[in-house]
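Notes to accompany the following structure.
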């Protein structure tokens, strides 16, 4: 039986999502406790919608877990037990039986991240310091939003990704827009929303780094267009600090389209010839 879990975490104390020997990670911590609580003969294995890097947060991470039939009869009880044993920086917010064809990674149609940035001399509210990056240079948000339109659509984002052997850097960027928070403790903080069908390693933080360079006047729009066009990793593109980034939400199609979407996602992306 396949189960879906929705989880949130403060990434400050984690070395990212994926298990790494000798390091505290979200995957390792959850799998360890699930194996113990459910007394599984084989270690639990979780698949997530999007692997977050060290220090990156998540409010809407989604994972799936396959268990032998009748292993889990009371998900509410399991949630309560997890709440008692997990550190407060990691919370399983929901646990439900997954519909047929559901795959946390491949069934997703988009992921939405938000990067939070406090610009100028004044630092952010100290209670928000773990979720907001302080940037001492003032950012012109109108310039950022105008430049962001040049990045939308299906393209090779190789300039903004750390390449992996055999992996494509072609993605469809659906939304990229920034606004300033108007009220409350985060007033004045820039929130850059980035939504795409999928992301490659360091892509969001690099996209934000490119836009910040344009928004502060260090680079111009033509530089960003040219860097994007070359689709080759550019050392001039800054990878922004991890602490400002949060995975906010993952989108899925209707239940009867989940299996089709999973098959479609496994197909290697390619650009149409021009």
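FYI, it's all coordinate maths here, none of it is from the lab. Everything quoted here is computed from the prediction, not taken from an experiment. All Cβ positions, glycine included, derive from the backbone under ideal geometry; neighbour counts span all protein chains shown.
Points to keep in mind about this one:
- Relative compactness, region 110-253, computed as alpha-carbon Rg over 2.2 N^0.38 Å: 1.01
- Between residue 142 and residue 71, the contour length at 0.36 nm per residue exceeds the Cα-Cα span by 20.2 nm.
- Modelled FRET efficiency - R0 41 Å, residue 83 with residue 154, Cβ distances, 0.05 increments: 0.50
- Listed peptides 109-118, 14-23 by packing density, highest first (mean Cβ within 10 Å): 109-118, 14-23
- Pairwise centroid distance, computed over Cα atoms, of region 128-164 with region 1-78, Å: 29 Å
- Mean Cβ count within 10 Å, highest first, over the residues of peptides 170-177, 216-223: 170-177, 216-223
- Dimensions (Å) - the chain, Cα atoms, principal axes, largest first: 59, 50, 35
- The rule of thumb for compact globular proteins, 2.2 N^0.38 Å, goes into the C-alpha radius of gyration of region 2-97 1.00 times.
- Rounded to the nearest 10 degrees, the inclination of helix 221-230 to the longest alpha-carbon principal axis of the chain is 50 degrees.
- With R₀ set to 45 Å, the beta-carbon distance separating residue 234 from residue 91 gives a calculated FRET efficiency near 0.75.
- In the elastic network of the chain, a GNM with C-alpha springs shorter than 10 Å, the most mobile of 215, 120, 178 is 120.
- Set the Cα radius of gyration of region 133-190 against 2.2 N^0.38 Å, with N its number of residues, and you get 1.48.
- Estimated [θ] at 222 nm from DSSP helical runs (n ≥ 4, -39500 (n - 2.57)) normalised by residues in the chain, nearest 500: -7000 deg cm²/dmol
- Comparing Cα centroids, region 180-194 and region 207-274 end up 21 angstrom apart.
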